[in-house]
1. Provide Val184, Val264 in ascending order of the number of other Cβ atoms located within 10 Å of each residue's Cβ, fewest first.
2. If you rank Cys182, Cys172 by fewest surrounding Cβ atoms within 10 Å, what's the result?
3. Over the alpha-carbon set of the range 2-88, divide Rg by the Kirkwood Rh and report the Rg/Rh ratio to two decimals.
4. Using alpha carbons only, how many angstrom separate the centre of the range 315-360 from the centre of the range 100-171?
5. Determine the calculated [θ] at 222 nm for the chain from helices alone, applying -39500 (n - 2.57) to every DSSP H run no shorter than 4 residues and normalising by the residue count; nearest 500 deg cm²/dmol.
6. Comparing Arg319, Arg348, Arg297, which has the greatest mean-square fluctuation in the GNM of the chain with Cα pairs linked when under 10 Å apart?
7. Restricting to DSSP loop positions (anything but H, G, I, E, B) with no more than 16 other Cβ atoms inside 10 Å of their own Cβ, which trypsin sites (Lys or Arg not before Pro) remain in the range 206-244?
8. Give the residues of the range 146-164 whose amide nitrogen is closer than 12 Å to a point set 7 Å from the Cα of Asn222 in the direction of its Cβ.
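Readers should treat all values here as calculations from the given coordinates under stated rules, not as data from a laboratory. Source: prediction; values computed, not measured. Here the Cβ is made from the backbone with ideal geometry for all residues, glycine too, and neighbour counts use every protein chain on show.
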Amino acid sequence: MAEIEKLRTQIDNTDKKIIELIEKRSEIVKEIGRLKSLSGRGIYDPIREYEVLEKVSKTNLDKEFIRKLFRDIMKYCRTGEKKLIKKMSEKKYPNKLKSKSIAILGPEGTFTEIAARKIFKNSKFIYCDNVEEVFSKVESHIEYGVVAIENSLEGSVSKTMDCLIEYYVKVCGEITLDIDLCIVTSKKTKRENIKAIISHPHALAQCQNYIKKNFPTAKLINSTSTAAAMLELKKIKNSAAIGPKESAKKYKLSVIGEHIQDDVSQTRFIVIGKESKRGKKTSIIFAAKDEPGSLYRVLREFAKRNINLTKIESRPSKRKLGEYLFFVDFESKGMSENKIKEALDSIRPKITFLKVLGSY
C-alpha cells in the first residue's frame, strides 16, 4: 500500500505539472492573440491547428485520443484569446470617426449595427435593405457606411467585395467583432415543433453542427441579415431564427440555445466613405495581365521594398473567363509614403486595372 501511495503522489505531481503547462500554453496563446489583434488578423487559424495536431500525433499513445485532447486544449485556449482580443477591440475603437448619419444593413439589431455603434456611438443609423444600398447611399449623399467584409470561418462577403469594385467609395476604417450566435423563436413556438430555421447564409453555415445535431430535418431559409430573419418568424409558422442575443431582446423573442456557432468566430467590418485618411493599412484591387508570371512580377515589387502583404485574395473579374481581380491589404503609413508610391507606380505597367481603396 505504501508503494501505491507513493505512485499516487507522483501522479498528483504529474497532474499539477500538466495543469501548469496548460496554463502556460494559454498565456502564450493570449500573447499571440494580442499580436494578431494589433495586426488585424483573426483568431482561428486552421492550418496552424492542423500542424499542431500532426506534431502531437507522433506518439506511442493512442493518436485519436491525443488529437481529441489537443483539440479541446486548443479550443479552451482560443476562448481566453477571444476574451483578450475583445477587450483590446473595445479600447482600440474609441469612436474616432464622427458623423450625423451612418448607412448600415438593416433592420435594427444586425451585427453590422453592433459593430457600427462601437465606432459611431451617438450617430443616427440609416437602415438599408442590402449591402448595395449601403454603398449607393455613401456614394451619393451619406458620409459613412459600415459593411461586413470577412468572416473568420466563412471567408469574404461576396457582395461587399463586388461593391468595392463598382462604387466610388474609400475604406476609412475597420473593426473586428466577435460573433456569438443564439437560436430564437416566437414565444408561442415550441422547440419540438420547429420545422424551419432562418438566418443570413453565413450564420447558418457557422452553426451547421448545432443544426444537424438538434434540428436535422429542419428546412434552412436564407435571409438578408440575422435581424431580418427574426422579423420573418412572424410570417413562417413553426420556425426559428439564428442571430445575436441583443436582437432577440429587441424583438422580444425566446432564446432556446446560446453560443451555438461551431467554433470561435469573428467578422471584420469596414467603414466606407468619400475619403480615406492616413493609417497603418492600405487596400488595393488590381487585375494582372493574362500572361505567365504576371502575378509574381506584381508581388515582387512589394517584396523588393519590404512591404508586408497582410492579405491577398482573388475573385473572377466577371469581364471574361480566366481573368481575376486581386484584393490586397498591406502595411503602410499611407499613400504619401515613398515606397508605397514607388510600388504602385512600378506595378501599373504590369496590370490592366488598379483601384486604391484607401489607407486606414
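1. Sorted ascending by nearby Cβ count, the order is Val264, Val184.
2. Starting with the residue having the fewest Cβ neighbours, the order is Cys182, Cys172.
3. That ratio equals 1.10.
4. 22 Å
5. -13500 deg cm²/dmol
6. Ranking Arg319, Arg348, Arg297 by mean-square fluctuation puts Arg319 first.
7. Taking the range 206-244 and a limit of 16 other Cβ atoms within 10 Å, the loop trypsin sites (Lys or Arg not before Pro) found are Lys235, Lys237.
8. Zone members listed by number: 158-159.
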